[in-house]
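K.L.:
Structure incoming, see below.
The values are calculated or read from the model by the stated rules, or taken from the named source; none is laboratory data. As the structure is a computational prediction, the values presented were derived from the model and not from experiment. Neighbour counts run over all protein chains shown; Cβ positions are idealised from the backbone, glycine included. Only protein heavy atoms, including side chains, enter the accessible area calculation; ligands, DNA and RNA are left aside. Shrake-Rupley method; radii C 1.70, N 1.55, O 1.52, S 1.80 Å.
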Amino acid sequence: MTSQRPHDLRISGGQVVSSFTGESFAADVLVRDDTISGVLPPGTPAEARAHLDATGMLVAPGFVDAHMHIESSFLTPQTFAALTLARGTTTVLADPHEIVNVAGAEAMRWMIEAGSGTPQTQLWGVPSCVPAVEGLEDAGASLSAADIDGMLSWPG
């Protein structure tokens, strides 16, 4: 069943890139809210509030990096976003395990705040073991189960 509500945007004239097959093909892309709501043969009737002419351009989905340690790139979240967003990575699921092992909850809060000011969606996992191996290492920080529980409610 399809919605009768008009689409927010129709992108037409471009070549849609399939990240699955590596092929490109002519199609119109429909967007409703923040979701691709249709990929149709060019000119197929469908109402949209706005139109974007992508003639001569490629239309590609945003890539999601499902596990990344931004601090291991030696970049701030802002610089990381600028470099990777320009190459199509729209969302990162980040695990700040290394920096939290060294600088604790304050480092986690800083990473979240620094990433929230970027146009890239940066979502953060809470490290489950800081230090990584209790009694065998001391990288500088320690989180209790209560600390981790509290951090799970933080935005981001």
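K.L.:
Restricting to region 7-23, what's the tally of residues that are open to solvent by 50 Å² or more (accessible area, probe 1.4 Å), modelled with pLDDT under 95 and not charged (D, E, K, R)?
P.N.:
Residues flagged as open to solvent by 50 Å² or more (accessible area, probe 1.4 Å), modelled with pLDDT under 95 and not charged (D, E, K, R) within region 7-23 amount to 4.
K.L.:
Right, something else. Give just the number: which of (1) β-branched (V, I, T); (2) touching a helix residue (DSSP H, G or I) at 6+ places or on another chain (Cβ under 6 Å); (3) in contact (Cβ under 8 Å) with a residue 40 or more places away in the chain does V130 not satisfy?
P.N.:
(3)
K.L.:
Among the residues of region 1-46, write down those that are among the polar types (S, T, N, Q), in contact (Cβ under 8 Å) with a residue 40 or more places away in the chain and over 22 Å from T91 (Cβ atoms).
P.N.:
Applying the first criterion (among the polar types (S, T, N, Q)) to region 1-46 yields 2-4, 12, 15, 18-19, 21, 24, 35, 37, 44.
Still in the list and also in contact (Cβ under 8 Å) with a residue 40 or more places away in the chain: 12, 15, 19.
Result: S12, Q15.
K.L.:
Further question on the same structure: Do we find that T118 is closer than 30 Å to G13 by Cα, out of contact with any Cys (no Cβ under 8 Å at 6 or more places or on another chain), of a type in the set (V, I, T) and part of a loop (DSSP other than H, G, I, E, B) in this structure?
P.N.:
Answer is yes for this residue.
K.L.:
Among the residues of region 26-36, are any open to solvent by less than 50 Å² (accessible area, probe 1.4 Å), assigned to a loop (DSSP other than H, G, I, E, B) and out of contact with any Pro (no Cβ under 6 Å at 6 or more places or on another chain)? Lay out the reasoning, then the answer.
P.N.:
So in region 26-36, the residues open to solvent by less than 50 Å² (accessible area, probe 1.4 Å) come out as 27-32.
Now drop any that are not assigned to a loop (DSSP other than H, G, I, E, B), which leaves 27.
Narrowing the set further to residues that are out of contact with any Pro (no Cβ under 6 Å at 6 or more places or on another chain) leaves 27.
Checking region 26-36: at least one residue is open to solvent by less than 50 Å² (accessible area, probe 1.4 Å), assigned to a loop (DSSP other than H, G, I, E, B) and out of contact with any Pro (no Cβ under 6 Å at 6 or more places or on another chain).
K.L.:
Taking T79 as the residue in question, decide whether it is at pLDDT 95 or above and part of a helix (DSSP H, G or I).
P.N.:
Details: at pLDDT 95 or above: yes; part of a helix (DSSP H, G or I): yes.
Yes, satisfied.
K.L.:
Right, here's the next one. Mind checking which residues of region 98-115 are open to solvent by 40 Å² or more (accessible area, probe 1.4 Å) and within 16 Å of L152 (Cα to Cα)? Walk me through it before giving the result.
P.N.:
So in region 98-115, the residues open to solvent by 40 Å² or more (accessible area, probe 1.4 Å) come out as 98-99, 102-103, 106, 109-110, 113.
Across region 98-115, the qualifying residues are E106, R109, W110, E113.
K.L.:
Is region 74-84 home to any residue that is over 30 Å from V16 (Cβ atoms), in contact with a Ser or Thr (Cβ under 8 Å, 6 or more places away or on another chain) and either open to solvent by 80 Å² or more (accessible area, probe 1.4 Å) or not hydroxyl-bearing (S, T, Y) (or both)?
P.N.:
In the first step, residues of region 74-84 are kept if they are over 30 Å from V16 (Cβ atoms); the result is 74-79.
Among the residues that remain, those that are also in contact with a Ser or Thr (Cβ under 8 Å, 6 or more places away or on another chain) are: 77-78.
Next cut, either open to solvent by 80 Å² or more (accessible area, probe 1.4 Å) or not hydroxyl-bearing (S, T, Y) (or both) only: 77-78.
Among the residues of region 74-84, at least one is over 30 Å from V16 (Cβ atoms), in contact with a Ser or Thr (Cβ under 8 Å, 6 or more places away or on another chain) and either open to solvent by 80 Å² or more (accessible area, probe 1.4 Å) or not hydroxyl-bearing (S, T, Y) (or both), which makes the answer yes.
K.L.:
Quick one: in region 38-73, of everything that is of a type in the set (S, T, N, Q) and within 17 Å of G14 (Cα to Cα), which residue is surrounded by the most Cβ atoms within 10 Å (Cβ to Cβ)? Please lay out each step first, then the result.
P.N.:
Within region 38-73, the subset of a type in the set (S, T, N, Q) is 44, 55, 72-73.
If we keep only those that are within 17 Å of G14 (Cα to Cα) too, we end up with 44, 55.
Values: T44: 13, T55: 8.
The qualifying residue surrounded by the most Cβ atoms within 10 Å (Cβ to Cβ) is T44.
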